[in-house]
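**Q** One structure, as structure tokens, below. Some questions next.
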Amino acid sequence: MPQESNVVGIIYGDVGSTEFNFTVDGQDLRKFDYVTAPHKEGYILAQVMDIKRFSDLSFEHAKMYRSQGQLPAVKNDVSAYADVIGYRDKRGHLLAPRTPFEVGSQIALADQDFIRSILGLHADKESGAYVGLLKGHSLPVYLNIDSLVQKHICILAKTGGGKSYACGVLVEELLKKKIPMVIIDTHGEYSSLAQPNKDRKDKKNMEKFGIKASDYAGQLIEFSPIGSRGNTKHITLDGMNLEAAEIRDLLSAKLSGPQIGVLYQAIKELKEYKQQYNIRDIIDAVNRSKSNARWNVIASLESLDAIGVFSEEGTTMDSLVKKGKCALINMKGVPPDIQEVVVARLTKELFDQRKAGKIPPFLLVVEEAHNYCPERGFGNAVSSPMLRTVASEGRKFGMGLCIVSQRPAKVDKNIISQCNTNIILKVTNPNDLKAIIQSVEGLTNQTYNEIQRLPIGVALISGASLQIPIMVEIRTRETSHGGKSVTISKGGDVEPAFEPKIPKMPPPQPPVIPQQAPPQPQPAPASPSPSQQSTAKQNNATQKALTVNRVALRLGWVETEDPDETIEILTEEAQKMNENVYQYLESLAKLGKNFCHEQNPECVRCPMNKGCKYRNQLGNRLGIFKKR
């Protein structure tokens, strides 16, 4: 039962079960305030969506006042329109009334406990992420962390609308809860998480939100694809044993059918003779093809190799995803095409490792998402397919996705529609507004107009255990905001934008060569024995490569026990004779399988026995081929 002091008006006019009008009696009622209305099913929570003032001042009287300067007595009344949210039944389910409200029922301002109960603001400081205050109230809003990470997030706003600021608030809260994160930091904004917020204006607002300036320097690990500098580590990708489908997905230029066939055949042949191969090996294998389609394939592979982010031992995923740590992938200064490849390959490796349970559950944050997963018709990105896969399947494996963009219309709608939690700030572009309304559940055409009118710093949030979309005043950041606009003119009241301290780049260093201890005089040579060298060289060889090496060695065609060297020598010989390299090597492999066994070779039946060096040496030792 509402208290008499909280009564703000009375229901009047035609009344339904989902909306009603009521008089406003001298209270300071504002748009979007929450009110309660009595109903036979219980007290109902509703939200004020519009307020109007009616008067008897006519157009003629207004003209008379302008000409004579005397305003007659004017009678005026205030009316409000409210949308019904609902009530909780005994099982805690949110229901809407099924019968109209009674005309003449008293409307009262809703208290905070009732608002929290109906809206589903059950998460608290221990289990939730504190993002701000309910608009117009001092009620803190906590979003359920499990829902945030497991069911994906999208943060959308126009340029300067506060999307990166809101994302920074969310990252701060997740760091407090020790949630592992990987952030694709397109513009290098998030390194400011290591700096406490020293802005004078922000310090005044911190008291309002009940927070203090802080930093998370101990939880940040920063990487960059363009090399190490200062505390930033160089991130590289695993470029070993790439499959044809993986390479095809990483190439910006699409291959034709014959070109794809050349690539598949080259890798198939390569895998038969090497257990470990890199992009250069693939290029050499494609180059041996007789097809004219190989030239475009070689050009595409060369461009992929020239990116410089692939290595034989790429950065391990468990060094990125750690309990309580946030890995920043700083893309500042990295060309867009390289950014796409890094995001595509990194996302795939993270997804595969998470599916295998080799890294803990984590959240992947993608800034400027329209660059990495554009909507069809707005361009192509090699990272799009992998991000779509994570959006649709990541929840099952504990890999969350957070999409941040200033152009919702240019982001893949399939990805936005998979996001359960939506944080929408001010958006004014008609195409972007249309995309949001079509992709985000729970938003109506009325919401279309409200999103345009959102003040900077206020967000419309839906999902994350919330029953309906709510307006939240985003709290002040505890850390410095690295995404401030650059100040052009220096005014007395304008504070300079934050500039992160960038350490000086060291002078170019020569390539690092593993240091070896200077040779010491010893009675015996320190080099490994020939058998040890042979064993080390054969570690990368397949069984077929070992067989070809054995046959060629016995025939006397090569003198090395290294299978890789043997394959290179035989490849050159085949090309000189204008022979198909694969068929040439395959014939030797079959010879070894059928006759030239490692133990007990069948030299008598072997078709190559007349010119075989091994058989001649064996016969001389046994004396079975001497003339009588």
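**Q** Which numbered condition trips up Ser147, out of (1) of a type in the set (Ser, Thr, Tyr); (2) modelled with pLDDT under 90; (3) open to solvent by 50 Å² or more (accessible area, probe 1.4 Å)?
**A** (3)
**Q** Give the number of residues within the stretch 141-163 that are outside any loop (DSSP other than H, G, I, E, B), touching a residue at least 24 places away in the same chain (Cβ under 8 Å) and more than 16 Å from Leu363 (Cβ to Cβ).
**A** Number of matching residues: 3.
**Q** Only residues that are open to solvent by 10 Å² or more (accessible area, probe 1.4 Å), part of a loop (DSSP other than H, G, I, E, B) and of a type outside the set (Gly, Ala, Ser): list them for the stretch 226-246, please.
**A** Ile226, Asn231, Thr236, Met240, Asn241, Glu243 - these are the residues of the stretch 226-246 that are open to solvent by 10 Å² or more (accessible area, probe 1.4 Å), part of a loop (DSSP other than H, G, I, E, B) and of a type outside the set (Gly, Ala, Ser).
**Q** Could you give me the residue pairs with C-beta distances under 9 Å whose first residue belongs to the stretch 198-215 and is β-branched (Val, Ile, Thr), whose second residue is surrounded by 17 or more Cβ atoms within 10 Å (Cβ to Cβ) wherever it lies, and which are 6+ apart or on separate chains?
**A** From residues that are β-branched (Val, Ile, Thr), the pairs are Ile211/Tyr130; Ile211/Arg475; Ile211/Thr476; Ile211/Arg477; Ile211/Glu478.
**Q** Name every residue in the stretch 572-619 that is over 21 Å from Ser291 (Cα atoms) and aliphatic (A, V, I, L, M), in order of residue number.
**A** Leu588, Ala589, Leu591, Val604, Met608, Leu618
**Q** Identify all residues within the stretch 116-141 that are of a type outside the set (Ser, Thr, Tyr), within 18 Å of Val171 (Cβ to Cβ) and open to solvent by less than 60 Å² (accessible area, probe 1.4 Å); write none if there are none.
**A** Residues satisfying the conditions are Ala123, Gly128, Ala129, Val131, Gly132, Val141.
**Q** Can you pull out the residues in the stretch 585-621 that are of a type in the set (Ser, Thr, Tyr) and either at pLDDT below 85 or over 15 Å from Thr547 (Cα atoms) (or both)? Show your work before the answer.
**A** Initially, the stretch 585-621 is screened for residues of a type in the set (Ser, Thr, Tyr), giving 587, 614.
Across the stretch 585-621, the qualifying residue is only Tyr614.
**Q** Follow-up. Somewhere in the stretch 97-115, is a residue under 45 Å from the mean Cα position of the chain (by Cα), under 19 Å from Gln446 (Cβ atoms) and open to solvent by less than 70 Å² (accessible area, probe 1.4 Å)?
**A** The answer is no, given that none of the residues of the stretch 97-115 is under 45 Å from the mean Cα position of the chain (by Cα), under 19 Å from Gln446 (Cβ atoms) and open to solvent by less than 70 Å² (accessible area, probe 1.4 Å).
**Q** Here's another thing I want to ask about it. Can you name the residue in the stretch 364-397 that is under 10 Å from the mean Cα position of the chain (by Cα) and of a type in the set (Val, Ile, Thr) and, of all such residues, is surrounded by the most Cβ atoms within 10 Å (Cβ to Cβ)?
**A** Val366
**Q** Further, regarding this structure: Working only within the stretch 306-321, note down all residues that are surrounded by fewer than 17 Cβ atoms within 10 Å (Cβ to Cβ) and either in a loop (DSSP other than H, G, I, E, B) or at positive phi (or both). Break it down into steps so the answer makes sense when it comes.
**A** Of all residues in the stretch 306-321, those surrounded by fewer than 17 Cβ atoms within 10 Å (Cβ to Cβ) come to 306, 308, 311-313, 316, 318-319.
Gly308, Glu312, Glu313, Thr316 - these are the residues of the stretch 306-321 that are surrounded by fewer than 17 Cβ atoms within 10 Å (Cβ to Cβ) and either in a loop (DSSP other than H, G, I, E, B) or at positive phi (or both).
**Q** Note down all Cβ pairs under 8 Å where the first residue falls in the stretch 359-370 and is farther than 14 Å from Leu328 by Cβ, the second is in a loop (DSSP other than H, G, I, E, B) and of a type in the set (S, T, N, Q), and they're at least six residues apart or on different chains.
**A** These pairs meet every condition: Glu368/Thr186; Glu368/Gln406; His370/Gln406.
**Q** In the stretch 70-108, what residues are free of Cβ contacts under 8 Å to residues at least 60 places away in the same chain, polar (S, T, N, Q) and part of a loop (DSSP other than H, G, I, E, B)?
**A** Hit for the stretch 70-108 is Gln70, nothing else.
**Q** Here is a follow-up. Just the residues that are surrounded by 19 or more Cβ atoms within 10 Å (Cβ to Cβ) and more than 22 Å from Phe310 (Cα to Cα), please, taken from the stretch 274-291.
**A** Listed by number, the list holds a single entry, Ser289.
**Q** With the condition kept exactly as written, say whether any residue in the stretch 500-523 is surrounded by 10 or more Cβ atoms within 10 Å (Cβ to Cβ), closer than 28 Å to Val131 by Cβ and either at pLDDT below 55 or within 24 Å of the chain's Cα centre (by Cα) (or both).
**A** Yes: one or more hits.
**Q** Here is a list of conditions, (1) assigned to a loop (DSSP other than H, G, I, E, B); (2) buried (at least 21 other Cβ atoms within 10 Å of the Cβ); (3) over 16 Å from the mean Cα position of the chain (by Cα), and Ile423 meets all of them except one; can you say which number that is?
**A** In the conditions (1) assigned to a loop (DSSP other than H, G, I, E, B); (2) buried (at least 21 other Cβ atoms within 10 Å of the Cβ); (3) over 16 Å from the mean Cα position of the chain (by Cα), Ile423 misses (1) alone.
**Q** Among the residues of the stretch 247-269 satisfying the criterion of being outside any helix (DSSP H, G or I) and among the polar types (S, T, N, Q), which is least open to solvent (accessible area, probe 1.4 Å)?
**A** Filtering the stretch 247-269 for residues outside any helix (DSSP H, G or I) gives 251-256.
Adding the requirement that they be among the polar types (S, T, N, Q) leaves 252, 256.
Working: Ser252: 102, Ser256: 49 Å².
Ranking the candidates gives Ser256 first.
The values are calculated or read from the model by the stated rules, or taken from the named source; none is laboratory data. Since the structure is predicted, the reported quantities are computational estimates derived from the model, not experimental observations. Positions of Cβ are generated from backbone atoms using ideal geometry, with glycine treated the same way; all protein chains shown enter the neighbour counts. With ligands, DNA and RNA removed, areas are computed over all heavy atoms of the protein, side chains included. Shrake-Rupley method; radii C 1.70, N 1.55, O 1.52, S 1.80 Å.
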